[in-house]
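J.: My structure is below; once you've seen it, I'll send some questions.
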Amino acid sequence: MTASTVTEQPKFTEQPLLEVRDFQVELITDAGIIRAVDSVSFSIHRGETVTIIGESGSGKSTTAMGILRLLPEDLAVLSGTVLIDGVDVTADPKAIDKVRGKTLALIPQDPMTALSPVHSIGSQLFEAIRIAGAASAKDKGALQARAVRLLEQVHIPTPEKQLKKYPHQLSGGMLQRVLIAIALASEPQLLVADEPTSALDVTVQGGILDLLLELQEQRGIGILMITHDLGVARLISDRIHVMKDGSFVESGDVQQIVDHPATEYTRALLAAVPVLGPWDETPAATTLTTTGASHD
Ligand SMILES: Nc1ncnc2c1ncn2[C@@H]1O[C@H](COP(=O)(O)OP(=O)(O)OP(=O)(O)O)[C@@H](O)[C@H]1O
Ligand SMILES: [Mg+2]
């Protein structure tokens, strides 16, 4: 398929959900200009998970935040092309408003700080549903029904009860599920997840990754996963891009990167991860065995 043949139909074409070409981000800092992202190109289609993996400071978050145009305009200079479901968000900074929180949603890294501590889970979810246009603020019944459905989708037990709770009353894993529910409120086609499990206990991580895979299978969502953990990447990815100093040092399908890493850098990432057992047969919590050195 060539991109030029599929530009007309707005939905369910073979056009990538995300197409990034020669993307570059320069950060203006006190110490000078840092090229945090240097000529990066990749794409994500429906139902695919593409992972960017790399050590701390390699430019993963800057790539994700740059694509979402969440970097301060005066401190980050972007170049190259980013097409989100065909919408060029680099040419026109306002174009991102057409897709962010609609076609595309972000799952933030730290569930403990991403939610407001003074508002109930319900009110934060209702707000997301209202912004997504899925129910009006006046229609309490519709808001409640949609919120319950979203919490059910992310396998939160007794959703009606949880809606009344405040963030500090839920565990980290449950809060991350709430954040995923909030991201799903707008029925996005593409999820950007920046280290969605790194703040969580390793046994809880498995459940969240499993949930993302299930959502993807059921709804054909595309996922951009950002992680420093090749253990996470190998479980969830179709393709992996290995990032170092702002550039991709190798790219390939998950098996290729894991079985035949081409660079010493990737081998070092591989050596540092816990190995998970068979995913489908046994709960992750009982199959974790650490074979390599931990990175923390
Ligand atoms: N606000 C900032 N001011 C100055 N430099 C920054 C800023 N944000 C990022 N950088 C620099 O940009 C580069 C890329 O950082 P980035 O946060 O994208 O890395 P990362 O791969 O996401 O790391 P981590 O795994 O720690 O989250 C680093 O050299 C970092 O020091
Ligand atoms: Mg980061």
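The values are calculated or read from the model by the stated rules, or taken from the named source; none is laboratory data. The structure displayed is predicted, hence computed values, not measured ones. Please note: Cβ atoms are built from the backbone with ideal geometry, for glycine as well, and neighbour counts cover all protein chains shown.
J.: Suppose the filter is of a type in the set (A, V, I, L, M, F, W, C), surrounded by fewer than 16 Cβ atoms within 10 Å (Cβ to Cβ) and more than 19 Å from residue 188 (Cβ to Cβ); does residue 77 pass it? I'd like the intermediate steps shown before the answer.
T.: Numbers: of a type in the set (A, V, I, L, M, F, W, C): yes; surrounded by fewer than 16 Cβ atoms within 10 Å (Cβ to Cβ): yes; more than 19 Å from residue 188 (Cβ to Cβ): yes.
Yes.
J.: Restricting attention to the stretch 80-102, which residues are acidic (Asp, Glu) and surrounded by fewer than 17 Cβ atoms within 10 Å (Cβ to Cβ)? Before you say what the answer is, go through the steps one by one.
T.: If we filter the stretch 80-102 for residues that are acidic (Asp, Glu), which is where we start, we get 85, 88, 92, 97.
Scanning the stretch 80-102 gives 88, 92, 97.
J.: Consider the stretch 218-238. How many of its residues are out of contact with any Leu (no Cβ under 8 Å at 6 or more places or on another chain) and more than 16 Å from ligand 2 (Cβ to nearest atom)?
T.: Looking only at that region, the number is 6.
J.: Considering only the stretch 171-196, how many residues are more than 27 Å from residue 46 (Cα to Cα) and in contact with a helix residue (DSSP H, G or I) (Cβ under 7 Å, 6 or more places away or on another chain)?
T.: Pass one, the stretch 171-196, residues more than 27 Å from residue 46 (Cα to Cα): 171-172.
So of that shortlist, the ones also in contact with a helix residue (DSSP H, G or I) (Cβ under 7 Å, 6 or more places away or on another chain) come out as 172.
Looking only at that region, the number is 1.
J.: Continuing with this model, one more query. Which of the residues that make up the stretch 42-75 are without any contact (Cβ under 8 Å) to a residue 40 or more places away in the chain and more than 8 Å from ligand 1 (Cβ to nearest atom)?
T.: Matches in the stretch 42-75: 43, 69, 70, 72, 73.
J.: Among the helices (runs of 4 or more DSSP H) confined wholly to the stretch 69-172, which include 1 or more residues that are touching a strand residue (DSSP E or B) at 6+ places or on another chain (Cβ under 7 Å)?
T.: Here the list reads 96-99.
J.: Right, another one. Please state which one of 75, 68, 27 is away from ligand 2 (no atom under 12 Å from the Cβ) and modelled with pLDDT of 95 or more.
T.: Details: 75 fails: modelled with pLDDT of 95 or more; 68 fails: modelled with pLDDT of 95 or more.
Just a single option satisfies the conditions, and that option is 27.
J.: Something else about it: What helices (runs of 4 or more DSSP H), lying completely within the stretch 205-276, carry at least 2 residues that are within 16 Å of ligand 1 (Cβ to nearest atom), surrounded by 23 or more Cβ atoms within 10 Å (Cβ to Cβ) and of a type outside the set (Lys, Arg)?
T.: Working: elements: 230-236, 254-259, 264-271.
Because the criterion is at least 2 residues that are within 16 Å of ligand 1 (Cβ to nearest atom), surrounded by 23 or more Cβ atoms within 10 Å (Cβ to Cβ) and of a type outside the set (Lys, Arg), the helices (runs of 4 or more DSSP H) in the stretch 205-276 that meet it are 230-236.
J.: Next question, about the same structure. Can we say residue 113 is under 23 Å from residue 209 (Cα atoms), touching a residue at least 60 places away in the same chain (Cβ under 8 Å) and within 16 Å of ligand 1 (Cβ to nearest atom)? Write out each step before concluding.
T.: On the way: under 23 Å from residue 209 (Cα atoms): yes; touching a residue at least 60 places away in the same chain (Cβ under 8 Å): no; within 16 Å of ligand 1 (Cβ to nearest atom): yes.
No: the conditions fail for residue 113.
J.: Against the definition (within 26 Å of residue 151 (Cα to Cα), of a type in the set (Gly, Ala, Ser) and crowded, with 23+ Cβ neighbours inside 10 Å), how does residue 105 come out, yes or no?
T.: Working: within 26 Å of residue 151 (Cα to Cα): yes; of a type in the set (Gly, Ala, Ser): yes; crowded, with 23+ Cβ neighbours inside 10 Å: yes.
Considered against the rule, which asks whether it is within 26 Å of residue 151 (Cα to Cα), of a type in the set (Gly, Ala, Ser) and crowded, with 23+ Cβ neighbours inside 10 Å, residue 105 comes out as yes.
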